[in-house]
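Down below is the structure, laid out as structure tokens.
The values are calculated or read from the model by the stated rules, or taken from the named source; none is laboratory data. Note that the coordinates shown come from a computational prediction; the quantities given were computed from them, not determined experimentally. Heads up, the Cβs are rebuilt from the backbone with ideal geometry, glycines too, and the neighbour counts pull from every protein chain shown.
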Amino acid sequence: MEIRSFLTTNQDTNKAFQEIKSKLSPQAKAVIFFASTVYDFQGLSTLFREAFPNAEVLGLTTVGEIGPLGFSENGLSAMSFSGSLQAKGVLIEDIVKYPIFYRDNLVDAARQIGIDAGSAFPEREGLGLVFPNGLIGAEEKMLSVVNSVFAREGFSLFGGTAGDDAKFEKTQVSYQGSVSHTGGLVLFIKPDTAFHIAKENIFSTTGQKMKITKADAGARIVYEFNGRSAASEYARLLGVSAGELSRFFMTNPLGRVVNEEVFIASPFEVLPGGGVKFYCQLFEGMTVDVLAPKDPVATMRQTVEAFQGRFSRLDGVLAVNCILRKFQFHNDRLFPALNSHLEKLPNLGGFCSYGEQLNRTQLNQTLVLLGFGTLRQGESA
């Protein structure tokens with residue numbers, strides 16, 4: 001597989017596109033672009049579709065872009081995938097109301113490129129990229145529908161939620177030139193190389209735990225922890241007042257610990273009455289840990305080194321980074337230090353998102369990396 005990536009901060013839509021086009025493969029089987037809202041998104045979608053008529057062309061709006069040199073802002077990033085891989089996309093036009101109506105489209109797309117949805121080993125069949133629209137809280141619905149295509153668990157899903165430069169007004173995705181602000185994109189890939197997925201969080205557990213005793217998972221609201229008002233109990237464990245709690249959301253999110261791995265759930269706001277709304281679903285009966293921050297730069301160095309170490313040859317990397325991490329990195333002026341490590345990843349592309357998807361789960365405050373290439377002997381995806 002040949003992967004090419006490029007990023008430009010030229011804010012003229014046509015000039016930025018021409019710069020990107022010249023760097024991508026004219027033989028691309030798939031092209032994905034990640035665009036700041038400074039651009040005419042429909043215009044870009046049309047330009048990319050016309051320039052790559054034989055490719056699956058997907059695009060989405062962002063809250064920051066990632067290119068070969070790492071994190072950037074107010075730019076346009078794109079990646080092309082060429083070689084003997086196979087790829088097929090689907091636009092689910094409404095991921096809130098009727099995502100199940102598109103299940104047959106997903107089944108057909110997978111079948112067209114030789115993915116066996118009934119395989120006893122779905123992890124060997126390929127992978128799916130998922131890019132939901134943001135602001136409509138439907139990531140879990142979308143993941144559920146895509147996962148329902150497969151008879152057994154194990155098919156890899158990787159993705160991120162479209163953003164809109166933190167305006168929180170309207171996000172957009174496009175497939176083959178068609179734009180939607182309520183839909184989600186799926187790209188099934190049958191790669192001709194191995195791939196490996198990694199996730200990074202910059203938090204560790206504090207040992208302080210809370211049990212969710214009252215919640216509305218669909219609305220992403222927790223009303224009670226440990227039988228007490230969610231905001232009051234959360235604040236108590238942090239040693240602050242409930243009125244101050246929201247100031248600590250970015251530095252002290254919650255985590256679900258599964259097999260010693262931390263899956264982050266980021267709080268969004270304190271509601272009248274003491275409930276806490278989150279960026280992902282949490283369920284009654286779950287136990288969550290209060291988290292504390294680690295050094296982001298040291299963690300990034302370790303992540304990149306470990307990721308590269310899985311490959312004897314690394315062809316390219318798709319990265320998705322949470323908006324809350326981006327805000328933290330921006331506020332603490334960490335982009336140069338972080339980019340000194342990220343730029344070591346070849347043919348890097350991606351974006352900052354309103355949520356991260358990994359297999360069956362919607363994550364928050366996470367960096368997820370998808371690399372293609374040749375794994376070292378003894379390594380598995």
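Quick notes
- Of all the criteria given as (1) part of a strand (DSSP E or B); (2) in contact (Cβ under 8 Å) with a residue 24 or more places away in the chain; (3) not small (G, A, S), the one not satisfied by K170 is (1).
- Residue within segment 46-65 that is surrounded by 18 or more Cβ atoms within 10 Å (Cβ to Cβ), part of a loop (DSSP other than H, G, I, E, B) and free of Cβ contacts under 8 Å to residues at least 40 places away in the same chain present: yes
- In segment 234-277, the residues that are exposed (fewer than 14 other Cβ atoms within 10 Å of the Cβ) and among the small types (G, A, S): G239, S241, G243, G273
- The lone exception for K344 - which of (1) basic (K, R); (2) on the phi > 0 side of the Ramachandran plot; (3) touching a helix residue (DSSP H, G or I) at 6+ places or on another chain (Cβ under 8 Å) it fails: (2)
- Single residue of G371, G309, G316, G350 found to be closer than 24 Å to I189 by Cα, touching a helix residue (DSSP H, G or I) at 6+ places or on another chain (Cβ under 8 Å) and in the same structural domain as M79 (by TED's automatic domain parsing): G371
- Checked against the criterion of being among the aliphatic types (A, V, I, L, M), modelled with pLDDT under 95 and surrounded by 24 or more Cβ atoms within 10 Å (Cβ to Cβ), the candidates L318, L367, L363 yield just one match: L363.
- Residues that are in a loop (DSSP other than H, G, I, E, B) and either among the aromatic types (F, W, Y) or not assigned by TED's automatic domain parsing to the domain that holds Y39 (or both) were ranked within segment 76-135; the one that is surrounded by the fewest Cβ atoms within 10 Å (Cβ to Cβ) is F121.
- Verdict on S353 being in contact (Cβ under 8 Å) with a residue 24 or more places away in the chain, surrounded by fewer than 23 Cβ atoms within 10 Å (Cβ to Cβ) and not β-branched (V, I, T): no
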